[in-house]
């Protein structure tokens, strides 16, 4: 049976098929497998050499077998090799879609008028164009019935629906995106990495006013149960972000710290400092805060 696919098509197709299967089945994370695992690249090079070697072997075998044929068989074989392969179904489909007339039959559609030897052909509209025109008519009827006869949804309704879905997606994303937290969505962080980061921020930015052990200096005592602007993660986050009392309270750190950093330092204060016993605690300020008093 004659092979209708030339070697320069077979080899790339088989090679990239193997390459795609390896990328699909090998778990290499975000990196391609040939980059994450150099042995994969070496294997693909070996596969390429093998494919080329197979083609060369087949060509050699074909040549040897051809030399063993009698003259008549050689002639028939060369004749079959010289015939070009045709995709008959594709050609017939293309002919039906375009509706072109062969050059030999153009005399059937030549119009009478002649201008300087130029003749005009009376071709019909291409069938593909006619089919698309009919399809637009069907689509228009369905659209008319759907939205104007049976009162389907309007563009305003579709817009409001998509906005509502987007808002839900945004709120869900905010719950998992530390960088987008605010006083309403922040939650107490307990991960060791976040607490360590909060400790570093407290040491560099808060110790000057609250002391290293949180006992208070210029700023209030952070170890007791008294809070000037309310305790709990949401209130502490808001106080750090927006600042303390006007004129005499803490500055607003939202210009310096990112929301995720404010959440980290607030969580560090509540989990590692609040409730401890400092060396020289400052007198309580504010009111006792309990979880029940949270807004």
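Could you tell me the calculated FRET efficiency between residue 17 and residue 62, based on Cβ-Cβ distance and R0 = 25 angstrom, to the nearest 0.05? Please report the intermediate quantities before stating the final value.
On the way: r = 24 Å, r/R0 = 0.95.
Efficiency computed from Cβ-Cβ geometry: 0.55.
Using a ≥ b ≥ c from the Cα gyration tensor of the stretch 192-293 (square roots of the eigenvalues), is it rounded, prolate or oblate, where a/c under 1.5 gives rounded and otherwise the larger of a/b and b/c decides, a/b for prolate?
Values: a/c = 1.26, a/b = 1.15, b/c = 1.10.
Here the stretch 192-293 falls in the rounded category.
Of the peptides 136-145, 243-252, how do they stack up when ordered by the mean number of other Cβ atoms within 10 Å, highest first? All intermediate terms of the calculation are to be shown ahead of the outcome.
Values: 136-145: 10.2, 243-252: 11.9.
Output ranking for 136-145, 243-252: 243-252, 136-145.
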**OP:** Please give the helix 71-82 orientation as an angle from the longest Cα principal axis of the chain, in degrees from 0 to 90, rounded to the nearest 10.
**Re:** 50 degrees
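With a/c under 1.5 counting as rounded, go ahead and sort the chain into rounded, prolate or oblate using the C-alpha gyration tensor (a ≥ b ≥ c being the square roots of the eigenvalues; past the cut-off, prolate if a/b is larger than b/c, else oblate).
oblate
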Subject >> Taking the stretch 7-82 and dividing mean pair separation by its residue count, relative contact order in percent (alpha carbons under 8 Å, at least six apart) >> reply: 26 percent
Original post:
Ranked highest first by the average count of other Cβ atoms within 10 Å around their residues, in what order do 205-214, 62-71 fall?
Top reply: 205-214, 62-71
**OP:** Evaluate the relative contact order of the chain (contact order divided by residue number), counting alpha-carbon pairs under 8 angstrom at least 6 apart; express in whole percent.
**Re:** 13 percent
**OP:** Would you mind classifying the stretch 16-133 by shape? Square roots of the alpha carbon gyration tensor eigenvalues, ordered a ≥ b ≥ c; an a/c under 1.5 is rounded, otherwise it is prolate if a/b is larger than b/c and oblate if not.
**Re:** oblate
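Per the helix-only calculation at 222 nm, which mean residue ellipticity applies to the chain, given -39500 (n - 2.57) for every DSSP H run of n ≥ 4 and division by its residues, nearest 500 deg cm²/dmol?
Details: 11 runs with 155 residues, N = 295.
Mean residue ellipticity at 222 nm (helix-derived): -17000 deg cm²/dmol.
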Original post:
In degrees between 0 and 90, to the nearest 10, how far off the longest principal axis of the chain does helix 192-205 point, with axes built from Cα atoms?
Top reply: 60 degrees
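Values quoted throughout were computed directly from the atomic coordinates according to the rules given, and no laboratory measurement underlies them. Just so we're clear, the structure is a prediction, and the values are computed from it rather than from any experiment. When we count neighbours, we look across all protein chains shown, and the Cβ atoms used for this are built from the backbone with ideal geometry, even at glycine.
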